[in-house]
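Structure first, commentary second.
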Amino acid sequence: MAKNNNNTRERVIINTDDLEQIIKILKAKSYTTIGPTLREKAIIYDEIQGLNDLPIGLTEKHEAGYYRLEKRDDQAYFGYNVGPQSWKKFLSPPEVKLWSAKRSENGFDLLEEEPKIQHYAFIGIRSCDLNAIQILDNVFLGGPHTDNIYGERRRNNFILAVNCTEAGGTCFCASMGTGPKNEHGFDLALTEILDKDRHYFVVDIGTELGKEIIEETSPKKAKSEESELADKHVEKAANSMGRQLDTERLHDLLFANFHHPEWKKVADRCLSCANCTMVCPTCFCHTIEESTNLEGNIADRTRRWDSCFTLDFSYIHGGSVRKSTKSRYRQWMTHKLASWHDQFGTSGCVGCGRCITWCPVGIDITEIANTIRKSGELPENTVGQPN
Amino acid sequence: MENLEKILSEHPFFKNIEGEYLNLIVGCASNVRFEQDDIIFREGQKANLFYVIREGSVALDLHDPSSGKITIDTLTDGEILGWSWLVPPYYWRFDARAIKMTRAIVLDGKCLRNKCENDHDLGYELLKRFALIIDQRLQATRLQLLDVYGLRQ
Amino acid sequence: MDYDNDIMTQTEPITDSMQPRRFRINNVSWETPETFTHELIPIDKGPSFTFLPGQFNMIYLYGVGEIPISISGDPDNTSRLFHTTRVVGSVTQRIQHLKPGDTLGIRGPYGNGWPVEKAEGKDVLIIAGGIGLAPLRPVLYHILHNRDQFGHVTLLYGTRSPDKILYFEELKEWISRFDLLDVRVTVDSASGNWRGHVGVVTKLLPKAMFEPDNTAAFVCGPEIMMRFVAMDLKKHKVPEHQVYLSMERNFKCGLGFCGHCQLGSYFICKDGPVFAYDKIKSYLSLKEV
C-alpha cells in the first residue's frame, strides 16, 4: 500500500452544509451513497440520502461480547466507531449470482445478462475499514487472476473517509498501523470537530476527484490551529485504544506454537458460530452453489459468504480435515495474523475490534495472541511453516 | 559351484557379522531352486528353515474358504523369507509359493536355533538383524492395513 | 501535491469470469468398477484447450454442481480432453451416468503442474497410488514424447487390488517397453491369478534404478501414501526439494478467491497442487491443518 506523507496533502475546512452538499453532488453523479445509519439498536451501513440519515448524537460502547448505543451530549455525525457490518457487503456481497444457464440441446446455454452495477460512494468509512478494503483489493485483484464480482463493484468507488476522534473499547488499529488516521486510499478524509459552538470538518484531499468535488463547496484552506486541533483529536484516539496487540514477529510466534495449550482453552469457549468471520472486514471466504427452478430448465450459480468455522468448509471425500473447533479457531486466527503475511504481504487484521465485540462468548483475539506470546516459544530463526 | 560364503557375506543382512559366525551360518546353508508354482512351505508346517532369495519372486498366501487364495505379500531378489523358525511355537503362518522360477539359499534354522541357545552373542546378532526385518514388514503391513486407496483421491 | 495512486486508479480490464466452457462427451471408458475416463471434445469455438501435466479442471454438471478433477490425458493432444474420475460423492455419482453426447462444463486449467523442466537431465521416479496415477499420466506422456531429455525413468504404481488397476492395457504396453521405462506395479492384496508384486508401493523403491541426488520424484496418491513415500525417498537420499507431491483440499473456485483450499499459507489451487516436499513437509505431519 502506498504510503503518502500527509503533510503534503491539501487541507481545507468545510461545514455541515457543505458536507450535505457533497453528498448531493455525489448522488447527482449517480453514486449510490452508502453511510452509517441506525437500524434496530446498531449502527450499520446502508444507502443514505443525506446527513440526517446518519446516527447523529450517538456513540457505541464496545466490549468483548458487548455492544450498546448511547446518547452523546453533542450532535456529532460521526461520534462512534464501527458496527457489526463492514463495507465488504457491498464489494463482495453476501449472496450474488454468478451466471445462469438454461437447459438446451447442447446441454446448457449460458444466459447473457447485464448486471446493473452501482457506483458506490462510501461516506464515513473509518481508517481500519479503508485499510481492510485495500487488503481485499490485494486479495481479489492483486494476483494472477482477478475477481470480476469484486472488481466491478470496487471500480469507481468514491471514498469519503472519517478519522476517528474517539477510540472504541475493542479498537486496536494503532497496534496494527491502520489508523485512526487515514493515510491513503481515500478521495477525501475528514476529521469532525465540535469546538464550542463551531461544528466543522477538517478535510484532507486525497485525489483529483476528491478535489474536484469539494471545490464545489468553495472550501477555505485550514488554519493552522484548526489543523492542529484535528490532529490532536485523532492523536487522542490513537492513545486511548481499547486493546493492544504486540505484532512483533507475530507470524513466527503463532507458527511456532501450533500446539500451545491456549488453543484448546479457546476451543472450549468457542461456539464456532462464525460471527467473527461475518463481521470481519477482511474475511473473504465464500462458497459457490448450484440451484435450479422447479422445472429444472434454468440453473443458477450463486456465490455466498462462507466461513472456515463450519465443519464442511474443509470437507474432502472421507471427511472434514478440521474436525475439532480447536483446529478451526486456530485456522482462522493463524490465517488472519500469520499466513496472511505469506500470502499477501501484510497482516489480515486491521484492528477494528468487531470480532471481539460480536463474539457471543467474548473471545478476544488480542488476548489470545498476548497469552501465547507470554508463555509460548519464539525461536530465533524465522519460522516458515507451522510446527 | 557358487561360493556360498561370498554370497552370504556380501548380503546386506549379514553385513559386519563376525567371521566365525559367518562360517557357522555358511555351514548351515545350501543352494536351492524352486520352479514356478512350487510351494516352498505351507501354513501349519513346522518352521525349521529360512531363505535368502537370490533371484525370483515368492508370494505369501493365506487361504479363505470363499475367496480362495489371497496373496498378502511378495518377496523378491535379496529379501529374507521366514522368521517363524526364531519364534515359538515354530510354525509357518502362511503358505510361501514361488511365483516364477526362484533360486534361493536355504538355511537350517533349527540348527542355528540350537546354536543360539548356547551362544547368546550369536543369538543377539541374528535377532538384531531379524528385528530390523520384522519392523520393516510391520510398517509395510500397517500401511496395507490402512487400505489408503480405499478412501479417496 | 501528493495524490494516491492505488490499484483502483488503473484501467486494466478485469477479465476473469466463472463461466464454464461446454464440452461434449465423446467416449466413456470404465477403468475399474468405480472409476471412469471421459474423453471430451469442445462444443463452442474458441482457442484449443491446452494444459500442463498436473493441472486440474473444475467440471460442471448442469443442475448439480462442480468438482475438481485432474486432467489425465496427453498434453500434446489438444483436440481431446481426458479426465479420470472416481465415484465418491453426490456430483460424481450423477456424472457417472452420463453417456457420449452429453455435456459438461469445464473451467480451467488451474494449478501449477508438475515441474517437468526441473527433471530434465535427471533420473525420474513417478510414484502413483490408486487414482493418483491419473494426474501423473500426462507427465508420463510428456516424458515419452521427449524421452532423450531425461535419464532413467521409473513408474511405481500401487493400488488396492488387481481389479483396481487403472489404464490396464496402457500399463501392459508400457511394461513391455523396458527400453523406455521401468514399470512396477504392486497391490495391497490379491486373490486369483495375480503374479505381480503384493505389498506397499514403498517396497518397490529399492528395486528402482536411480541416482539419488540426480533424481526428480513425482508422487501422487492418498496423503498417507505420499507421506510414507516421501520419507522413504529421503531414506534413499533423494533431496527433499527434488521430491514433488500433488496435494488436495476442498476446491470451490480454483482461482484462490474462495479460501477453501488453504493448507496453512498455501492456496492449493494456485500455489499448488504440486509442491516440493521441503515446502510442505511440516504440514504433512500436522493434524487438522
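A few comments on the model shown:
- Within straight-line cross-link reach of B:LYS15, aspartates and glutamates at Cα separation under 13 Å, skipping those fewer than 8 residues along the same chain: B:GLU5, B:GLU125
- Debye-formula intensities of the stretch A:18-126, expressed as log10 I(q)/I(0) at q = 0.11, 0.12 Å⁻¹, are -0.49, -0.55 (one equal scatterer per alpha-carbon, no solvent).
- A simple spin-label model places the labels of C:GLU169 and C:GLU34 2.5 nm from each other, with each point 7 Å out along Cα-to-Cβ.
- Helix-only mean residue ellipticity at 222 nm for chain B, each DSSP H run of n ≥ 4 adding -39500 (n - 2.57), per residue, nearest 500: -11500 deg cm²/dmol
- Gain upon complete extension [A:ARG72, A:SER375; 0.36 nm per residue less C-alpha separation]: 105.0 nm
- Here the label points at A:GLU289 and B:ASP37, each 7 Å from Cα along the C-beta direction, are separated by 6.2 nm in the simple model.
- Contact order, relative form, for the stretch B:4-146: 29 percent (alpha carbon pairs under 8 Å, 6 or more residues apart, mean separation divided by residue count).
- Rg to Rh, two decimals, where the stretch C:21-110 supplies the alpha carbon set and Rh follows Kirkwood: 0.92
- The calculated 222 nm mean residue ellipticity attributable to helices in chain A amounts to -8500 deg cm²/dmol, summing -39500 (n - 2.57) over DSSP H runs of n ≥ 4 and dividing by all residues.
- Averaging Cα coordinates gives a centre for the stretch C:214-249 and one for the stretch A:103-151; these two points are 39 Å apart.
- Cα Rg over Rh - chain B, Kirkwood: 0.99
- Equivalent ellipsoid semi-axes - Cα gyration tensor, the stretch C:116-285, angstrom: 26, 19, 16
- Estimated FRET transfer efficiency when R0 is 56 angstrom, pair C:LEU144-C:SER17 (beta carbons, to 0.05): 0.95
- The distance between label points at A:ASP268 and B:LEU127 comes to 4.6 nm (points 7 Å beyond Cα on the Cα→Cβ vector).
- The convex hull drawn around the Cα atoms of the stretch B:78-153, when projected onto a plane and averaged over every direction, covers 7.1 nm².
- Summing charges over all other residues whose Cβ lies under 15 Å from the Cβ of B:LYS46, with Lys and Arg as +1 and Asp and Glu as -1, gives +1.
- Sorted from greatest to least, the principal axis extents spanned by the alpha carbons of the stretch C:82-207 come out as 42, 40, 22 Å.
- Qualifying GluC sites (Glu not before Pro) in the stretch A:196-255, where qualification requires a DSSP coil assignment and no more than 15 other C-beta atoms within 10 Å, comprise A:GLU216, A:GLU248.
- The amide H of C:GLY129, built 1.01 Å from its N in the peptide plane, has C:GLY158, C:CYS220, C:GLY221 as neighbours under 5 Å, considering only residues 5 or more places off or on other chains.
- Rounded to two decimals, the Cα radius of gyration of the stretch B:9-73 over 2.2 N^0.38 Å is 1.45.
- Proximal aspartates and glutamates to C:LYS234, defined as alpha-carbon separation beneath 19 angstrom and excluding residues fewer than eight positions away on the same chain: B:ASP135, C:ASP123, C:GLU211, C:ASP213, C:GLU223, C:ASP278
- Remark: for residue pairs A:LYS336/C:LYS281; A:LYS97/A:LYS323; A:LYS326/C:LYS237; A:LYS61/C:LYS252; A:LYS29/A:LYS88; C:LYS252/C:LYS281, the C-alpha separation exceeds 32 Å in A:LYS326/C:LYS237; A:LYS61/C:LYS252.
- For chain C, the mean residue ellipticity at 222 nm estimated from helices alone is -5500 deg cm²/dmol, where every DSSP H run of n ≥ 4 contributes -39500 (n - 2.57) and the total is divided by all residues, rounded to the nearest 500.
- Rg of the Cα atoms in chain C, relative to 2.2 N^0.38 Å, amounts to 1.05.
- Across A:GLU114, A:GLU290, A:GLU152, mean-square fluctuation computed from a Gaussian network of chain A (C-alpha pairs under 10 Å connected) peaks at A:GLU114.
- nm² value of the averaged projected area, convex hull over the Cα atoms of the stretch A:188-270: 10.2
- Globularity ratio of the stretch A:106-230, using Cα Rg and 2.2 N^0.38 Å: 1.36
- Taking a ≥ b ≥ c as the square roots of the eigenvalues of the alpha-carbon gyration tensor, the stretch A:188-337 is classed oblate because a/c is 1.5 or more while a/b is no larger than b/c.
- In the elastic network of chain B, a GNM with C-alpha springs shorter than 10 Å, the most mobile of B:GLU79, B:GLU35, B:GLU117 is B:GLU117.
- Kirkwood-based Rg to Rh ratio, the protein assembly as shown, C-alpha trace: 1.09
Quick note: the coordinates plus some simple rules give every number you see, no bench work behind them. This is a predicted model, so every value here is computed, not measured. With ideal geometry, Cβ positions are generated from the backbone for all residues, glycine too; neighbour counts draw on all protein chains shown.
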